[in-house]
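Participant: Here you go, one structure.
The values are calculated or read from the model by the stated rules, or taken from the named source; none is laboratory data. It should be emphasised that the depicted structure is a prediction, and the values quoted were computed from it without experimental measurement. Please note: Cβ atoms are built from the backbone with ideal geometry, for glycine as well, and neighbour counts cover all protein chains shown. These area figures cover heavy atoms from the full protein model, side chains too; ligands, DNA and RNA do not enter into them. Shrake-Rupley method; radii C 1.70, N 1.55, O 1.52, S 1.80 Å.
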Amino acid sequence: MKPTARGILAASAAGLRTPTPGVSLDGPLGAPDPDHLGLPGPKRPQAAALAPLVRTVPTSDLETGSGA
């Protein structure tokens, strides 16, 4: 039995963007403290490494035609 149709799938490369940074920093000042006239109190600085948000648009073409 011979196939009667064939298909071609073509997937081209798409642009890749990372709109968010991979590092988060927190300053050395805390929330306002009512016991110190509303001035923020000191705290230890914090840093974190985050996985960046990756965005892309997948593109592909599927073509079908009669078999040869």
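Participant: How many residues are at pLDDT 70 or above and of a type in the set (Ser, Thr, Tyr) when one looks only at region 1-28?
Facilitator: 3
Participant: Sticking with this structure for a sec: For region 58-65, indicate whether the set of residues that are modelled with pLDDT of 85 or more and of a type in the set (Gly, Ala, Ser) is non-empty.
Facilitator: Within region 58-65 (the criterion being modelled with pLDDT of 85 or more and of a type in the set (Gly, Ala, Ser)), the answer is no, since none of the residues qualifies.
Participant: Further question: How many residues does region 35-62 hold that are over 26 Å from the mean Cα position of the chain (by Cα) and open to solvent by 100 Å² or more (accessible area, probe 1.4 Å)?
Facilitator: Looking only at that region, the number is 7.
Participant: Would you check if there is a residue in region 36-45 being at pLDDT 75 or above, touching a Leu at 6+ places or on another chain (Cβ under 9 Å), part of a loop (DSSP other than H, G, I, E, B) and among the basic types (Lys, Arg)?
Facilitator: Checked against the condition, which is being at pLDDT 75 or above, touching a Leu at 6+ places or on another chain (Cβ under 9 Å), part of a loop (DSSP other than H, G, I, E, B) and among the basic types (Lys, Arg), region 36-45 yields at least one hit.
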